[in-house]
Amino acid sequence: MATRTGRPERRQEPLSRERIVGAAVELLDAVGEGGLTFRALAERLATGPGAIYWHVAGKTELLGAATDAVVATIADDDTDATPQEAIRALALGVFDAIDAHPWVGTQLARASWQTPMLRVFERIGRQIQALRVPETAQFTSASTVMNYILGVAGQNADNTRAAQPDTDRTEFLDAVAATWAELDADDYAFTRNVADQLRSHDDREEFLAGIDLILAGITGRQ
């Protein structure tokens with residue numbers, strides 16, 4: 001079908017909450033939370049801000065929905081996996097999600113007991129129960145795992161954003177390790193000693209090693 005100007009009429013996908021949330025995730029990935037405005041979102045969706053408000057009440061609700069959409073993509077627990085394996089897989093899923101969408105870590109930490117956070121906490125908690133951790137220690141155990149995941153994954157995302165865009169990761173770590181190696185030998189004896197390990201470490205492997213240490217501590221207390 002053509003318009004009066006002779007140009008074909010472009011058919012647009014109907015505006016929906018799902019489409020709005022998807023566009024918000026793309027915008028957050030591109031410009032961060034500070035750049036997420038209803039005006040910018042309306043331009044991306046080729047609509048007006050008023051039409052978006054029909055589906056989403058405000059920015060807080062939109063951020064929560066965008067975070068929930070990302071968290072929902074993390075693979076479900078493998079029914080054949082051990083509790084330790086399930087927790088490692090979930091932890092790595094959250095780590096990779098925050099690495100790909102750095103704003104998610106901030107939102108999860110900020111919205112402590114809203115739906116996105118509770119999705120992760122519930123899955124951790126069920127595996128803690130499967131480990132037969134005493135009921136009195138289950139909340140502390142699950143919270144410790146959760147806090148470690150968010151803390152390390154968030155720090156990794158912050159480090160990635162802080163690095164210069166044209167800086168190779170190996171070069172960046174070499175520079176930091178060189179700085180550590182030159183620290184005062186009395187004040188920073190340990191840091192100097194592990195400087196070479198910083199150069200060669202893999203962020204994801206180091207992250208999972210920390211998960212294993214926590215799980216060993218949890219199971220070892222029984």
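The values are calculated or read from the model by the stated rules, or taken from the named source; none is laboratory data. A quick note: this is a predicted structure, and the numbers were derived from the prediction, not measured. Because the Cβ atoms are built from the backbone with ideal geometry, glycine has one as well, and the counts that use them run over all protein chains shown.
Key figures for this structure:
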{"read-out": "Residue pairs meeting the criteria (Cβ under 8 Å; at least 6 apart or on separate chains; first at negative phi, in the range 176-191; second hydroxyl-bearing (S, T, Y))", "value": "W180/Y188; W180/T191; L183/T191"}
{"read-out": "Given (1) loosely packed, with under 12 Cβ neighbours inside 10 Å; (2) within 21 Å of the chain's Cα centre (by Cα); (3) modelled with pLDDT of 90 or more; (4) not β-branched (V, I, T), index of the condition M146 fails", "value": "(1)"}
{"read-out": "Residue within the range 110-118 that is crowded, with 19+ Cβ neighbours inside 10 Å, within 22 Å of the chain's Cα centre (by Cα) and modelled with pLDDT under 90 present", "value": "yes"}
{"read-out": "Inter-residue pairs, beta-carbon under 6 Å, first over 15 Å from G210 (Cβ atoms) and touching a residue at least 24 places away in the same chain (Cβ under 8 Å) and in the range 85-109, second hydroxyl-bearing (S, T, Y) and buried (at least 20 other Cβ atoms within 10 Å of the Cβ), 6+ apart", "value": "V104/T67; Q107/T67"}
{"read-out": "Of all residues in the range 153-171 being in contact with a helix residue (DSSP H, G or I) (Cβ under 7 Å, 6 or more places away or on another chain) and hydrophobic (A, V, I, L, M, F, W, C), the one that is modelled with the highest pLDDT", "value": "A153"}
{"read-out": "Test set (1) at pLDDT below 90; (2) closer than 20 Å to F121 by Cβ - L63 fails condition number", "value": "(1)"}
{"read-out": "Entirely in the range 24-86, the helices (runs of 4 or more DSSP H) that have 2 or more residues that are under 26 Å from S141 (Cα atoms) and of a type outside the set (D, E, K, R)", "value": "59-71"}
{"read-out": "Answer from A75, A153, A100 - the residue that is within 29 Å of G64 (Cβ to Cβ) and surrounded by 17 or more Cβ atoms within 10 Å (Cβ to Cβ)", "value": "A153"}
{"read-out": "Boolean, R126 is at pLDDT 95 or above, surrounded by 14 or more Cβ atoms within 10 Å (Cβ to Cβ) and assigned to a helix (DSSP H, G or I)", "value": "yes"}
{"read-out": "Residue list for the range 179-193, restricted to those being surrounded by 13 or more Cβ atoms within 10 Å (Cβ to Cβ) and either closer than 30 Å to S143 by Cα or of a type in the set (V, I, T) (or both)", "value": "T191"}
